[in-house]
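The values are calculated or read from the model by the stated rules, or taken from the named source; none is laboratory data. Keep in mind that what you see is a predicted model, and the values were worked out from it rather than measured. So basically every Cβ, Gly included, is an ideal-geometry build from the backbone, and we count neighbours across all protein chains shown.
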Amino acid sequence: MGAACLLGAAPALAQGEVSVQHFQPAIGPENFLSVDGARISDQTPFSLGVMVNYSSSPFRLPCEAPLCSDEERLDVVRHMFTTDILGAAALGSRLQLGLRIPFSHVRGDGLGDAIVAATFGDPSLELKWRALGAMDSPFVLGLAAHGSAPLGHAMQEGTYIGHSSFTGGVKAIADLRLGRWALAANVGALFRESMTVQGEEIGSALRYGGAIAYNISRRVRVLGETMVHTNLAESGGSVVEADAALQFRPSIQPVVFTLGGGAGFGDRFGTPVARAIVGVRFDTGSLEATARRSQPAESPIRTVSTRPASTQEREEPKAEQPQAPVEEVSRQAEEATAKAAEPPRPVRREEPVRREETTVAKAEPTPPPPARPASTTITPQSSRGVPPEVVRRIAEARVYFEFNRWELRPEAYATLDELARLLVAHPELGTLEVAGHADNVGPREANEHVSRMRAQVVADYLVGKGVPRNRLVIRGYGSDHPEADNETSWGRARNRRIELKTLGR
């Protein structure tokens, strides 16, 4: 039946061969599905991923009467499963070298004989360059070029798994980040030898499309994209495909899982009726992870000194000293909670480490104090004033944030719980300023807004833990008061912070 339909539908067999697979997953991190992002960083030195996609009927032909009904079609390629092995390596802070190795399994009616084949497709090598903008800038521009060899056609001719000639291409990339939103656009060209497939001339093509993503949380994001493949040969025509996916990143492992699907529009060569996508990617590092590793060791209250370490301090580590216990709360509060506050364990003060002219004293994490009801009012045990140790711990506390975000990170809760306990236990501290800060990336007005929102979130949390709202003054300073050098990613991560200052009564 397939051969009869073919004789009634087309005048000639294929001259040359073109891959029926237009979906090419983007290589490396900071991308979408097949749409590339322009963000490249040497802080993600290697990336390795596998993406599997299934396309339904990507190559089908009409079967004309009287051999068959008007609706009946010949599925030259009915099912196509493609597994893409994706690898990327950063060549410095702006260049990325990527490799894509596809392996495809196809089944279909074929052009005369049925097709059942499984083989490697055309491997592709890509070089991408971040041309304009920093890694965490809102807007970034990039360029990419790629080339592929006709391996698929050489291994299994007549299966439409690969091209019968070498191909190459270039593209321009625009990448925009606005809070939780990410957008990208690609415009490029694919260069290949012209050939005829079932009377349709197929040659070089324009490839362009756009993508949008929304970060539901730090671990989950949804995304959608549309890609258009316009044939520049005399027969013309475009292949249009829209896809969407959900991506999930576990909290600890640098792994991203992708699950999605989509559909093509029209019946041009390479347009699938439907597509299913599943993938996993492993990144050896990220800007977020590097910034977190570079920050002071996590503890409920960080101890930070901006004084450079002296020669003697660098050569002689400090001896162990017990950390002064937090002032005990009043006997009435102890009876209300039925449990006394547990003092912190002794802290080992290690040799200060100098990073970007900032010295950080690392401390062992201490267990959080017992939770107290928000309605409990605690008075100081003594009226002789606030102990200097309490004032120091409040002044040196820091809460850090992600770029352009004001949601609390998981490690911030222990710090804020300890701060709330100290503030409730010492009302004689009076009014405090919750000061929000930002790095210097982006417009001044945007940084001031983000810093104020960070201060608002911290103040709301402290109020929820029993601190009277009238004791807190919220201020956002934007990027006016950096604590570290904004020229480095580590410094910018340190500057996205909240700190408290005592203002008196």
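Quick notes on this one:
- Test: residue in segment 266-273 that is of a type outside the set (Lys, Arg) and part of a strand (DSSP E or B): no
- Of all residues in segment 46-71, those that are within 29 Å of residue 91 (Cα to Cα) have Cβ atoms under 9 Å from Cβ atoms of residues that are modelled with pLDDT under 60 and crowded, with 16+ Cβ neighbours inside 10 Å, 6 or more apart or on another chain, in 46/285.
- Residues that are in contact (Cβ under 8 Å) with a residue 60 or more places away in the chain and either exposed (fewer than 15 other Cβ atoms within 10 Å of the Cβ) or more than 21 Å from residue 263 (Cβ to Cβ) (or both), drawn from segment 198-216: 198, 199, 200, 202
Yes or no, residue by residue, for (1) under 22 Å from residue 79 (Cβ atoms); (2) outside any strand (DSSP E or B); (3) outside the structural domain of residue 112 (by TED's automatic domain parsing); (4) charged (D, E, K, R):
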residue: 157; (1), (2), (3), (4): yes, yes, no, yes
residue: 172; (1), (2), (3), (4): no, no, no, no
residue: 189; (1), (2), (3), (4): no, no, no, no
residue: 212; (1), (2), (3), (4): no, no, no, no
residue: 227; (1), (2), (3), (4): yes, no, no, no
residue: 239; (1), (2), (3), (4): yes, no, no, no
residue: 242; (1), (2), (3), (4): yes, no, no, no
residue: 247; (1), (2), (3), (4): no, no, no, no
residue: 250; (1), (2), (3), (4): no, yes, no, no
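- Within segment 129-142, residues that are in contact (Cβ under 8 Å) with a residue 60 or more places away in the chain and over 19 Å from residue 45 (Cα atoms) reach partners that are of a type in the set (Val, Ile, Thr) and outside any strand (DSSP E or B) with beta carbons closer than 7 Å, at six or more positions or on different chains, in the pairs 137/441.
- Against the criterion of being more than 32 Å from the chain's Cα centre (by Cα), within 21 Å of residue 100 (Cα to Cα) and modelled with pLDDT of 90 or more, residue 150 qualifies.
- Scan of segment 27-55 for residues that are outside any loop (DSSP other than H, G, I, E, B), over 18 Å from residue 123 (Cα atoms) and modelled with pLDDT of 90 or more, ordered by number: 54, 55
- The set of residues from segment 399-417 being closer than 24 Å to residue 440 by Cα and surrounded by 21 or more Cβ atoms within 10 Å (Cβ to Cβ) comprises 399, 400, 401, 403, 406.
- Taken over segment 84-114, the residue count meeting the criterion of being more than 30 Å from residue 37 (Cβ to Cβ) and not acidic (Asp, Glu) is 7.
- In segment 220-247, the qualifying residues are those that are among the acidic types (Asp, Glu) and surrounded by 15 or more Cβ atoms within 10 Å (Cβ to Cβ), and the one that is nearest to residue 51 (Cα to Cα) is 243.
- Total residues in segment 418-444, condition over 25 Å from the mean Cα position of the chain (by Cα) and either of a type in the set (Gly, Ala, Ser) or surrounded by fewer than 18 Cβ atoms within 10 Å (Cβ to Cβ) (or both): 8
- Among the residues of segment 384-398, the ones that are in contact (Cβ under 8 Å) with a residue 40 or more places away in the chain and either in a loop (DSSP other than H, G, I, E, B) or within 18 Å of the chain's Cα centre (by Cα) (or both) come to 6 in all.
- Qualifying residue in segment 99-120 (condition: part of a loop (DSSP other than H, G, I, E, B), free of Cβ contacts under 8 Å to residues at least 40 places away in the same chain and of a type outside the set (Asp, Glu)): no
- Single residue of segment 114-147 satisfying the filter (surrounded by 20 or more Cβ atoms within 10 Å (Cβ to Cβ) and among the β-branched types (Val, Ile, Thr)) that is modelled with the highest pLDDT: 140
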